[in-house]
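Just below is one structure, and these are the notes that go with it.
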Amino acid sequence: MDKKFTDVDLISLKDVSFKEFEKFIDSLTIERDTWSLNLNITNDRTNNPTKDFYNTSNALLGIIDGNILGLVQASVRSEPDCLEIKKFLSVKGGNKIVEFSFLVHREYQSRGIGTLFIKKIVLNPNNSADMFIARYYTNNIASHLAFKKNGFLVYGQMEDQFFAGKKITYSSKNDELRYPQPKIIGDKLSYE
Ligand SMILES: CC(C)(COP(=O)(O)OP(=O)(O)OC[C@H]1O[C@@H](n2cnc3c(N)ncnc32)[C@H](O)[C@@H]1OP(=O)(O)O)[C@@H](O)C(=O)NCCC(=O)NCCS
């Protein structure tokens, strides 16, 4: 098995040329099937969704030895969304909820990069989130483990997606007891 990575540099999209970014996006295949959701490159506002994403997204690229291996987005949810999430979780406090979306090129998966992406952003002292959240398909074991290893808990399931989060300023008293966590059973995640 390939060695785990212990570090990855995160750089801004604009630190690479559009051509380089486009080459990376064009090299993706199955990674895009489970890359979440409304944060994927699908907003075709200019007939060139990749260019649109490059121009408007705050995503960061993961770089090792000068190669782009993946990307991570941490997007602040709108205030109405945030109020809804707080209501769902029965928590009070600030209104900064930051949602993750990430992907690692298939040739570099399962070597710790996804886990490092989340860790680096959660531990960045410039991040003032009240809570980090993520949504991923219920069969996405790699995503689930990368969040779990960073202290995220699953707070609910909506159809075929888990809603996971890591509370920063909200109370998380007894969350481990109140929210049963899915387990890996065979090649699936399940509540048993
Ligand atoms: C989700 C994703 C970003 C994870 O990136 P990654 O670099 O492969 O993640 P990690 O290497 O940190 O893996 C996390 C853990 O999952 C484990 N894992 C991965 N696939 C697994 C599987 N099918 N079954 C069991 N464990 C699995 C890894 O071994 C690792 O555990 P370990 O450190 O204890 O060995 C990557 O799989 C990906 O790009 N998927 C497509 C896009 C996507 O689904 N994004 C998430 C939704 S936004």
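The values are calculated or read from the model by the stated rules, or taken from the named source; none is laboratory data. Bear in mind that the values here come from a model prediction, so they are computed numbers and not experimental data. Note that each Cβ is placed from the backbone with ideal geometry, even for glycine, and that neighbours are counted across all protein chains shown.
Observations on the model:
- The stretch 86-100, residues that are surrounded by 21 or more Cβ atoms within 10 Å (Cβ to Cβ) and not acidic (Asp, Glu): Leu89, Ile97, Val98, Phe100
- Candidates Lys188, Lys92: the one that is within 11 Å of the ligand (Cβ to nearest atom), among the basic types (Lys, Arg), farther than 23 Å from Leu61 by Cβ and more than 17 Å from the chain's Cα centre (by Cα) is Lys188.
- The one condition from (1) out of contact with any Leu (no Cβ under 7 Å at 6 or more places or on another chain); (2) in a helix (DSSP H, G or I) that Gly151 does not meet is (2).
- Test result for Ile118, modelled with pLDDT of 95 or more, on the phi < 0 side of the Ramachandran plot and out of contact with any Lys or Arg (no Cβ under 6 Å at 6 or more places or on another chain): yes
- Selection within the stretch 66-95 - touching a Leu at 6+ places or on another chain (Cβ under 8 Å) and hydroxyl-bearing (Ser, Thr, Tyr): Ser75
- Filtered residues of the stretch 20-34 (kept if outside any helix (DSSP H, G or I) and surrounded by fewer than 16 Cβ atoms within 10 Å (Cβ to Cβ)): Ser27, Thr29, Ile30
- Scanning the stretch 123-132 for residues that are within 16 Å of the ligand (Cβ to nearest atom) and either of a type in the set (Gly, Ala, Ser) or buried (at least 19 other Cβ atoms within 10 Å of the Cβ) (or both) yields a single hit, Phe132.
- Among the residues making up the stretch 148-177, a single one is within 16 Å of the ligand (Cβ to nearest atom) and of a type in the set (Val, Ile, Thr): Val154.
- Looking across the stretch 95-114, the residues that are touching a Ser or Thr at 6+ places or on another chain (Cβ under 9 Å) and either assigned to a strand (DSSP E or B) or more than 16 Å from the ligand (Cβ to nearest atom) (or both) come down to Lys96, Val98, Glu99, Phe100, Ser101, Phe102, Leu103, Val104.
- Taken over the stretch 1-31, the criterion of being of a type in the set (Lys, Arg) and more than 16 Å from the ligand (Cβ to nearest atom) is satisfied by Lys14, Lys19, Lys23.
- Among the candidates Leu69, Leu61, the residue that is touching a residue at least 60 places away in the same chain (Cβ under 8 Å), in a strand (DSSP E or B) and closer than 26 Å to Asp2 by Cα is uniquely Leu69.
- Qualifying residue in the stretch 137-147 (condition: near the ligand (Cβ under 9 Å from one of its atoms) and part of a strand (DSSP E or B)): yes
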